[in-house]
Amino acid sequence: MRGIPLTRCQFLLPFADIYSEIGGPTEALLQKFRLPVSLEEKADHYVPILRAIQFAEAAQGSEGISDIGFLASQRMQFCHLSEKLRTIIRCSPTLLVALQQTCKHGQSEDTNLSMWLELHDGNLRVCTKLLGTAGLQHLEHSQWLQNLFVIHIVRQFVGPEWAPTTVGFEARYVPGGEPQAFWSNTRFLSAQEASWIDIPVGYLSFPPLGNESPPGPPAEDAEPPVTDLIGMLQLMLPSYLDERIPSIAEIAEMTNISVRSFQRRLSSAALTYSDLVDAVRFENAKKLLRDTDAKIIDVALSLGYSESASFTRAFRRLSGVAPRQYRDTSRSKTSGIILT
C-alpha cells in the first residue's frame, strides 16, 4: 500500500510567501490543494509533498512567475533545516562525516528523500532523489531546494561564498536568465539520473567553521524512516488540527487507494479514522502542555477545539487528569521534584 510522501511545512512557506507578495490568492490556492492555510507556526510540521509541488506549479503558472523554485531557494538558509539535522551537521568533525550523516537523516526533511554519495572525476557527488516520483512533472521546484541545502551544508565547512561548478537536475528543466545570472560560474545539467552537486574531494577533510570547542561524536544511526500509511498520517495530521482535517475520502485520494482499502488498513491496526485523529490530537496536546507555556485555551484552539471545556473533557477522558494537572506533573518530573 502506498503512503503519503511528506515534506516539512518550512519548505512550502517560501512558495506561499512569493505568491502572496505579488497579490496572489494564496489562501484559496492552498485550500484547493488541501494544504493548511496557517503555515507560519508550523515549520516543523509535515504536509503532502506532491500537493506542495502542485501548489508551487499552479502559483507559478497563474501569475507568470519564472523559476519559482529558484526564487524560493533564495529565501532558504542553513537555519531552515530541522534542528535535529543542524545539530548533527555541527557536531560532525569533517565535511565528509556531515554529508554521510545527512544521507542517513535526510528523511527528517522529506520522508521520501533518498540521498547518497558517489565519487566522480575527482569530486564527491551528493545525489538526491524523491522516491516514488518517477515520471512526475515539475519536480524542479523541489530539486532547487534539495540542491541548495547541500550547498548550505558545504558552506558550513568551506565558507559562505562557496558555489559548485556543476549542478544536476533530475527534472527536464533548464534554469532561466535570472538563476543563470545569479549562479554565473555554475553549469546546469538537465534530465540526470538524480539531482546532484559536485564537491572537490580536497574539501572533505575540512572541519566546521567557527567551532570554539571540539565537536561531539557523530550522531547515532538514524531512526527507521516512516514508510507505513498510519505513521505518515501521524506526521501529517498535526498540520491540520486547527483547520479542517482531511476527510477519509481525501486521505484515500492522496494515497491513490479506495476508501474501503484505507478503512481496511486502519481496521487491521484496530483503529478507525476518528481514533487516529483523537490519538494525534492527544499526543500533540501532551507536547504543547509539556514543552510550551501556551494558555490552555490556546492549546485547545490549536488542536481544533472551539473552547477549553471540550478540550479538557477530551484530555481527561484519555489521560485521566485535567490538562493543567498534566502540565504541572510533567514539569515536576522533569525538574526532579517528587510530589507527595
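In region 105-135, how many residues are of a type in the set (A, V, I, L, M) and out of contact with any helix residue (DSSP H, G or I) (no Cβ under 7 Å at 6 or more places or on another chain)? Residues in region 105-135 being of a type in the set (A, V, I, L, M) and out of contact with any helix residue (DSSP H, G or I) (no Cβ under 7 Å at 6 or more places or on another chain): 3 in total. Pairing residues of region 103-128 that are without any contact (Cβ under 8 Å) to a residue 24 or more places away in the chain with residues that are assigned to a helix (DSSP H, G or I) and aliphatic (A, V, I, L, M), at Cβ distances under 9 Å and at least 6 apart in sequence or on separate chains, gives Gly106/Leu85; Met115/Leu99; Met115/Val150; Leu117/Leu96; Leu117/Leu99. Among the helices (runs of 4 or more DSSP H) confined to region 1-103, the ones with at least 1 residues that are more than 24 Å from Gly132 (Cα to Cα) and touching a helix residue (DSSP H, G or I) at 6+ places or on another chain (Cβ under 6 Å) are located at 13-21, 26-32, 68-73, 83-90. When region 235-274 is filtered for residues that are open to solvent by 60 Å² or more (accessible area, probe 1.4 Å) and either in contact (Cβ under 8 Å) with a residue 60 or more places away in the chain or touching a Leu at 6+ places or on another chain (Cβ under 8 Å) (or both), the ones remaining, listed by number, are Asp242, Asn256, Arg265, Thr272.
Checking each residue in region 87-96 for being aliphatic (A, V, I, L, M) and open to solvent by less than 30 Å² (accessible area, probe 1.4 Å) picks out Ile88, Ile89, Leu95.
Gly106 fulfils the conditions (1) surrounded by 17 or more Cβ atoms within 10 Å (Cβ to Cβ); (2) in contact with a Pro (Cβ under 7 Å, 6 or more places away or on another chain); (3) closer than 17 Å to His80 by Cα except for a single criterion, (2).
Within region 130-143, the residues that satisfy the criterion of being touching a residue at least 24 places away in the same chain (Cβ under 8 Å) and either open to solvent by 50 Å² or more (accessible area, probe 1.4 Å) or assigned to a loop (DSSP other than H, G, I, E, B) (or both) are Leu131, Gly132, Thr133, Leu136, Gln137, His138, Leu139. Here are some residues: Asp228, Asp242, Asp221, Asp198. Which one is of a type outside the set (A, V, I, L, M, F, W, C), at pLDDT 95 or above and under 28 Å from Cys9 (Cα atoms)? The conditions single out Asp198. Only a single item in (1) touching a residue at least 60 places away in the same chain (Cβ under 8 Å); (2) under 12 Å from Glu170 (Cα atoms) is not met by Gln146, and it is number (1).
When restricted to residues that are polar (S, T, N, Q), assigned to a loop (DSSP other than H, G, I, E, B) and either free of Cβ contacts under 8 Å to residues at least 60 places away in the same chain or within 21 Å of Leu130 (Cβ to Cβ) (or both), region 153-210 contains 6.
How about region 284-316: which of its residues are without any contact (Cβ under 8 Å) to a residue 24 or more places away in the chain and among the aromatic types (Phe, Trp, Tyr)? If the condition is that a residue be without any contact (Cβ under 8 Å) to a residue 24 or more places away in the chain and among the aromatic types (Phe, Trp, Tyr), then Tyr305 is the only one that fits.
Restricting attention to region 66-86 and to residues that are farther than 18 Å from Phe169 by Cβ and touching a residue at least 40 places away in the same chain (Cβ under 8 Å), the residue that is surrounded by the most Cβ atoms within 10 Å (Cβ to Cβ) turns out to be Leu81. If you check Ile248 against the conditions, is it at pLDDT below 95 and in contact with a helix residue (DSSP H, G or I) (Cβ under 8 Å, 6 or more places away or on another chain)? Here the answer is yes, as Ile248 does meet what is asked.
The values are calculated or read from the model by the stated rules, or taken from the named source; none is laboratory data. Just so it is clear, the structure is predicted and the values come from calculations on it, not from any experiment. Cβ sites come from the backbone with ideal geometry, for glycine too, and all protein chains shown count toward neighbours. Surface areas here come from the heavy atoms of the whole protein model, side chains and all, with no ligands, DNA or RNA. Shrake-Rupley method; radii C 1.70, N 1.55, O 1.52, S 1.80 Å.
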